[in-house]
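The values are calculated or read from the model by the stated rules, or taken from the named source; none is laboratory data. Nothing here was measured: the structure is a model prediction, and the numbers come from that model. Backbone-built Cβ (ideal geometry, glycine too); neighbour counts: all protein chains shown. Quick note on the areas: whole protein, heavy atoms, side chains included, nothing else; ligands and nucleic acids left out. Shrake-Rupley method; radii C 1.70, N 1.55, O 1.52, S 1.80 Å.
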Amino acid sequence: MNAKVKSTFYNIQNRFNKYQRAVTDALEQYRQGMEAAKERSKAYKDEEGALKAEQEKLAAPARQAIAEADKALSDGLKFIDIPDLKEALSEYLCEKPTMQFMGTLNVYKDYGLSMSRMELDSLLIQSDGIYAALRAVASLAEKSGFRVSVPPVDQWQDEIETIERWTYTPLCYAPLEYAHEALEVMPQCPQRRHDGSIMYMKQSESLDFILGDADFDLLVASLGDAKERWATAFVPAVTAFEPKKDEDGEVITPEQQRQEAVKESVAQVVTESTEGEKLAREIGQDKAAAAQASKNISKFIIDLA
């Protein structure tokens, strides 16, 4: 994957950190203001009424600060970071193996050659981490009794969509320790459709902020791993077929597994390659050269079967 995406992920992480600080600061100021207001309200006969009046005055600026933090995060992710990730993914899917590499694989295909583990490792190095090249090697390797794990397109696309969900505003997020203040400052939370559009606003509940906090923490924690995965060359894992038992206790030999892999490998490779091309087009990479490259890749993989 394009190494420049590492800086994009740093940018994303910084935006989430800044957003969390802004929301936390707004709720902390509200908490401190309410603590002082509770003391002042004791001087009034209608203590509850006096406190409620101050609460409205304190909640308004906190709510505004959170709305501004929502918009800053949404705009920053939507217009700067997400397009960079989509472009990098599209470029990765459309990258074409070299003619020399394709010729080497055709030798194995045309002469029905089996490959050793050493040969497989060499081919994986020569693939240069190119998605189509890895898929092609995986197809041939299965015919020689090896499984090569190649990352599915959906893995990266899911990460993009997870980050993209945070471009929706309002977000209805608050750190867990400020859930009580969040209920008072943000009395309503949006209920969304799959595309992020708001169906309606509902009364906020503690569960909304508990789930929002957990979702936020999970995303932030995963960004570090995603950054390394996107920014470095993919290193596939290779395993050999081992005898195993089916549900009835019958032993499935490595040769039987190998034969089944031969049947399934072609359809699997072609299907995932086609999905990659479709995703690339949806991302906007419809330039003639990229489209032609994708067609050549698909034809090459089909020819290998």
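Per-structure values
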{"read-out": "Share of carbon and sulfur in the accessible heavy-atom surface of the stretch 121-216 [1.4 Å probe, %]", "value": "53"}
{"read-out": "Protein-only accessible surface order, largest first, of MET115, MET201 at 1.4 Å", "value": "MET201, MET115"}
{"read-out": "Two-site FRET efficiency, GLU28 against GLU91, from Cβ-Cβ distance with R₀ of 41 Å, rounded to 0.05", "value": "0.45"}
{"read-out": "Rounded to the nearest 10 Å², the accessible area of SER206 at probe 1.4 Å", "value": "60"}
{"read-out": "Area of LEU183 that stays accessible when all protein chains are in place (1.4 Å probe, Å², to 10)", "value": "50"}
{"read-out": "Positive minus negative residues near THR24 (Lys, Arg vs Asp, Glu; Cβ under 12 Å)", "value": "-2"}
{"read-out": "Exceeding the 25 Å Cα-Cα cut-off - candidates LYS18/LYS78; LYS18/LYS42; LYS71/LYS202; LYS6/LYS143", "value": "LYS18/LYS42; LYS6/LYS143"}
{"read-out": "Added length on full extension, which subtracts the Cα-Cα distance from 0.36 nm per residue, LYS109 to ILE198", "value": "26.7 nm"}
{"read-out": "Label point distance in nm, GLU205-ARG147, each placed 7 Å from Cα along Cα→Cβ", "value": "4.1"}
{"read-out": "Low-density loop positions, chymotrypsin sites (Phe, Trp or Tyr not before Pro), the stretch 5-66 - DSSP coil, at most 15 other Cβ in 10 Å", "value": "TYR44"}
{"read-out": "Rg/Rg_ref, the stretch 143-222, where Rg_ref = 2.2 N^0.38 Å and atoms are Cα", "value": "1.51"}
{"read-out": "Spin-label model distance (nm) - GLU177 vs LYS6, 7 Å beyond Cα toward Cβ", "value": "3.3"}
{"read-out": "Computed magnitude of the charge dipole of the stretch 7-60 (debye, nearest 20; Cβ of K, R +1, Cβ of D, E -1)", "value": "240"}
{"read-out": "Computed FRET value (nearest 0.05) for ASN17 with GLN126, which takes r as the C-beta separation and R₀ as 25 Å", "value": "0.05"}
{"read-out": "Efficiency of FRET between ASP154 and ALA221 - r from beta-carbon atoms, R0 22 angstrom, step 0.05", "value": "0.60"}
{"read-out": "Per residue accessible area of the stretch 189-234, 1.4 Å probe, in Å²", "value": "57"}
{"read-out": "All-pairs Cα distance distribution in the stretch 36-189, expressed in whole percent, bin size 10 Å", "value": "9, 23, 17, 13, 12, 11, 7, 5, 2, 0"}
